[in-house]
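Here is the structure we will look at, set down as structure tokens.
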Amino acid sequence: MSAFPPSQRASRRLRLSAFGLAVACSVGIAAPSAAVPLTATTGTVAAPGATDPNKAKKQVDKEIESLKQQLDDTSVALQNTYFALRRTQAALPVAQATLDKATADVSAADAYNDDMAVKLQVAQANEARAVDELSSTRAQLSASRTRVARFASQLYQDQGMGQLSVALSATTPDDFANRIAMNDTVMDVQQQSLQRLATARAAATAQEAHIRALREEVAAAKKAAEAALAKARDARAKAADAKAKLDALAVQQAAQSKTLEAQKANERKSLDAAQKEQARLQKVLIARAKAAKAAAARRAAALRRAHKRVPAAPRVSAHGFLSAPSDGWISSEFGMRFHPILHYWRLHAGRDYAANCGTPIRAAASGTVISAGWAGGYGNRVEIDHGILRGVDLVTAYNHMERIVVRGGHVSRGQVVGYVGTTGESTGCHLHFETYEDGIPKDPRRWL
């Protein structure tokens with residue numbers, strides 16, 4: 001492996017630019033440019049600032065847990081689809097941040113790879129230059145050795161021809177002086193040749209050591225270049241993987257949004273049916289309350305015509321008249337609620353007791369069972385009429401039962417009338433307990 005040459009590096013930068021443009025286009029489709037998508041149903045920001053997957057998941061799990069308390073009467077299918085969409089929306093900014101980091105890593109890795117390629121080229125050029133210099137030095141060394149060898153051979157052949165021999169062989173004083181000067185010149189040349197030989201040897205030794213160091217530097221530069229190339233390839237693979245995940249999340253979000261809209265339409269139909277059933281039951285209770293009051297009035301009038309004493313209505317304190325119908329904990333009170341998925345206000349017309357399925361449900365007071373059976377979104381339902389109290393006809397209703405025990409006749413306070421369940425439009429085991437005054441749902445706490 002080796003670093004890319006300049007032509008390939010330029011080509012790689014061009015491909016990276018094209019890749020970045022493709023990434024930008026795909027992100028623009030999947031989410032807003034701020035990389036924080038808006039929810040399809042509430043318009044709220046999904047997991048703000050949560051680029052850590054664990055933190056994003058915790059935020060969404062916390063949101064979902066709080067929403068579950070507002071969705072007791074919402075179908076499981078709609079809840080699951082909505083929660084899946086919220087998790088996907090929370091994952092999108094995390095995926096976007098991962099892609100951004102991966103893209104930045106690609107740029108950094110390519111820049112590092114370019115630097116290592118340049119360093120490798122410089123190291124290789126330095127090595128080549130040092131090898132050339134060593135070759136020249138060795139040529140000089142060889143020439144110096146040849147000259148010295150020649151001098152040594154000549155000296156051997158001319159042994160005994162030193163200054164004294166030169167002087168004795170001179171014929172005239174001028175010849176003597178010339179011979180002495182010539183001999184000195186020859187000796188100087190010999191000395192210079194020896195010095196050059198020594199210098200060339202030292203230079204060759206130093207250059208050989210320098211080349212060894214340069215070769216180590218080239219080897220290190222090759223390793224660094226190979227590591228840089230591997231890092232760039234790994235960064236590019238991670239960026240491609242991050243983009244694929246972001247694209248998959250965008251597709252998943254679109255599919256979940258489409259499914260959610262279909263689920264919302266189904267839920268509205270179910271709620272419409274439940275509201276119609278609730279209105280029907282309420283009309284029955286209103287009519288029955290009117291009939292009960294009219295019958296009580298006729299009985300009182302008959303007694304008066306017969307000159308008999310009309311019995312006084314029992315003095316009942318509303319607060320505390322009813323006993324708790326379940327030992328479960330109170331999970332939801334009576335009151336208006338905003339549906340976070342369907343976006344409308346609705347009345348939660350009773351009090352919820354959270355308990356395990358199969359837990360006994362007891363009559364809150366003595367009375368007469370006036371209805372028992374399936375009631376649409378209420379599931380298995382029992383209604384008990386407790387008579388006219390404080391001027392109103394009081395009826396209690398017990399909903400979502402797993403099983404009904406009493407289907408008619410008189411029941412006593414505390415008598416088991418059924419068992420906790422999750423029938424009808426219910427997403428978990430609980431008792432939905434209601435109180436009606438003259439057929440109108442009222443807060444059970446007024447009588448408990």
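Mind giving me the FRET efficiency for Leu347 and Ala108? R0 is 41 Å, r the Cβ-Cβ distance, nearest 0.05 is fine. Walk me through the numbers on the way to the answer.
Working: r = 59 Å, r/R0 = 1.43.
Approximately 0.10, to the nearest 0.05.
Which FRET efficiency value, to the nearest 0.05, is calculated for Ala265 and Val76 with the Förster distance at 22 angstrom and r the Cβ-Cβ distance? Numbers along the way, then the final one.
Numbers: r = 16 Å, r/R0 = 0.74.
Plugging the Cβ-Cβ distance into 1/(1 + (r/R0)^6) gives 0.85.
Please list, by residue number, every one of the trypsin sites (Lys or Arg not before Pro) in the range 397-446 that is coil in DSSP and has at most 15 other beta-carbon atoms within 10 Å.
When the trypsin sites (Lys or Arg not before Pro) of the range 397-446 are filtered for loop state and at most 15 Cβ neighbours within 10 Å, Arg407, Arg413 remain.
May I ask you to compute the full-extension gain from Arg305 to His210, defined as 0.36 nm times their residue separation minus their alpha-carbon distance, rounded to one decimal in nm?
Roughly 20.8 nm would be gained on extension.
Given R₀ = 56 Å, what would the calculated FRET efficiency be for Met336 paired with Val118, taking r from the Cβ atoms and rounding to 0.05?
It comes to 0.20.
For a distance above 28 Å, tell me the whole-number percent of Cα pairs in the range 217-354 that qualify.
63
Provide, as a two-decimal number, the C-alpha radius of gyration of the range 311-403 over 2.2 N^0.38 Å, N being how many residues it has. Walk me through the numbers on the way to the answer.
Working: Rg = 15.3 Å, N = 93, 2.2 N^0.38 = 12.3 Å.
Relative to the rule-of-thumb radius for its length, the range 311-403 sits at 1.24.
Over its Cα atoms, what ratio of radius of gyration to 2.2 N^0.38 Å does the range 363-405 give? Could the numbers behind the result be given before it?
Values: Rg = 11.0 Å, N = 43, 2.2 N^0.38 = 9.2 Å.
That ratio works out to 1.20.
Taking amide hydrogens as modeled 1.01 Å from N in the peptide plane, which residues meet the under 5 Å criterion relative to Cys429, leaving out close sequence neighbours?
none
Just so you know, all these numbers are worked out from the coordinates, no wet-lab data involved. Note that this is a predicted model, so its numbers are computed, not measured. Neighbour counts run over all protein chains shown; Cβ positions are idealised from the backbone, glycine included.
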